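Report on one structure; see the data block that follows.
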Amino acid sequence: MRARYGVPLSLTAAGAAGLLYSAGIEARSFRLRRVTVPVLPAGMRPLRLLQVSDIHLVRGQHKKQRWLRSLAGLRPDFVINTGDNLSDPEGVPDVLDALGPLMEFPGAYVFGSNDYYGPKPRNPARYLLEKVQGRHGLNGNPPAVGVIHNPWEDLRDGFDAAGWLNLTNTRGTLKVEGMSVEFTGLDDPHIKRERYAQVAGGPSGAADFSMGVVHAPYLRVLDAFTADGYPLILAGHTHGGQICVPFYGALVTNCDLDTDRVKGLSTHTAEDRTAYLHVSAGCGANRYTPFRFACPPEATLLTLVGRG
């Protein structure tokens, strides 16, 4: 009997240890990545941009709150929040508390689907199935029914009161260290809320630098931003794959972006133009799948420098 059940018990123990590590250790091992991006016009001084994304805050996640508050010590020139702040309908006060010190800096934000709707239990294997079938979010899937509606208006009001720009299918401009930075933002393509026609046309030419901001990096959006001439696009949503294979990488992106660009800095080309793309792996996870493996939670400090 020992020989018969030795291997299955070993596999069960290994699986349990993996779940314990991914949920209890790696999912709480927050870290900061630093990236340099040569996108500014020649002669502009460098700008330090802090990107936070996919916080998915659940009440009681005090370590995550403390870590987010500590990021203010970086003294960024400005902050971009690329959405999915919530994973708890009662989490708005904790999100505003966690981001409070960062809201003392100039900033802008877009929302993701989890800001609008509460999460539901879901089999993680469905992400692989949807990848094979070419279905992602509401793009090919039927609309969700019976979903929880989050109090996203309270989150919006808190960000707006701090002076952060709401980039929901609109443009906005910040003065950063005497320079004018223009943003073009979209609502979440994952649930078909983006309206690119409302912001199409590319940089206005009135600012020193322009960039695109969106939660989910769907190819149709990346193509539009790039073809319109934006030199930099920021996104989140993918969680970096969340559950990755060591020495291989991500298996899914939860959108139609390829896994080679699931997180970090890359480029995107459309209509003979090329833009830099930065996808944040985010610092949280859906409350019903609170695991990360070979993909620790993160925020990113991007130093924007002159081209060439």
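Observations
- Counting only DSSP beta bridges with both residues in the stretch 181-250, the antiparallel share comes to about 20 percent.
- Sequence-separation-based contact order of the chain, relative, with Cα cut under 8 Å and 6+ spacing, percent: 27 percent
- Solvent-accessible ranking of Glu130, Glu104, Glu153, largest area first, probe 1.4 Å: Glu104, Glu153, Glu130
- Coordinate range of the alpha-carbon atoms in the stretch 58-165 per principal axis, descending: 44, 26, 25 Å.
- Normalising the average separation of contacting C-alpha pairs (under 8 angstrom, six or more residues apart) by the number of residues puts the relative contact order of the stretch 152-305 at 17 percent.
- More than 15 Å apart - percent of Cα-Cα pairs taken over the stretch 181-269: 58 percent
- Principal axis box of the chain, alpha-carbon based, largest edge first, Å: 77, 41, 41
- Span-like helix ranges in the chain, DSSP H, alpha carbon extent 24 angstrom or more, Kyte mean at least 1.6: none
- Part-to-part distance (alpha-carbon centres) for the stretch 177-192 and the stretch 273-308, which is given in Å: 16 Å
- Neighbours of Leu219 by Cβ distance under 11 Å: Lys/Arg scored +1, Asp/Glu scored -1, total -1.
- By DSSP, the beta bridges lying fully in the stretch 9-306 are antiparallel in about 45 percent of cases.
- Among the listed pairs Lys63/Lys192; Lys63/Lys131; Lys63/Lys120; Lys64/Lys175; Lys64/Lys120, those beyond 28 Å (Cα-Cα): Lys63/Lys192; Lys63/Lys131; Lys64/Lys175
- Magnitude of the charge dipole, the chain, Cβ model with Lys/Arg +1 and Asp/Glu -1, debye to 20: 1160 debye
- Shown here: the stretch 219-279, whose C-alpha atoms stretch 36, 18, 16 Å along the first, second and third principal axes, sorted largest to smallest.
- Fraction of beta bridges assigned by DSSP in the stretch 191-308 that are antiparallel (%, nearest 5): 55 percent
The values are calculated or read from the model by the stated rules, or taken from the named source; none is laboratory data. Remember, it's a predicted structure, so these values are computed and weren't measured experimentally. Positions of Cβ are backbone-derived with ideal geometry, glycine not excepted, and every protein chain shown enters the neighbour counts. SASA here: full protein model, heavy atoms, side chains in, ligands and nucleic acids out. Shrake-Rupley method; radii C 1.70, N 1.55, O 1.52, S 1.80 Å.
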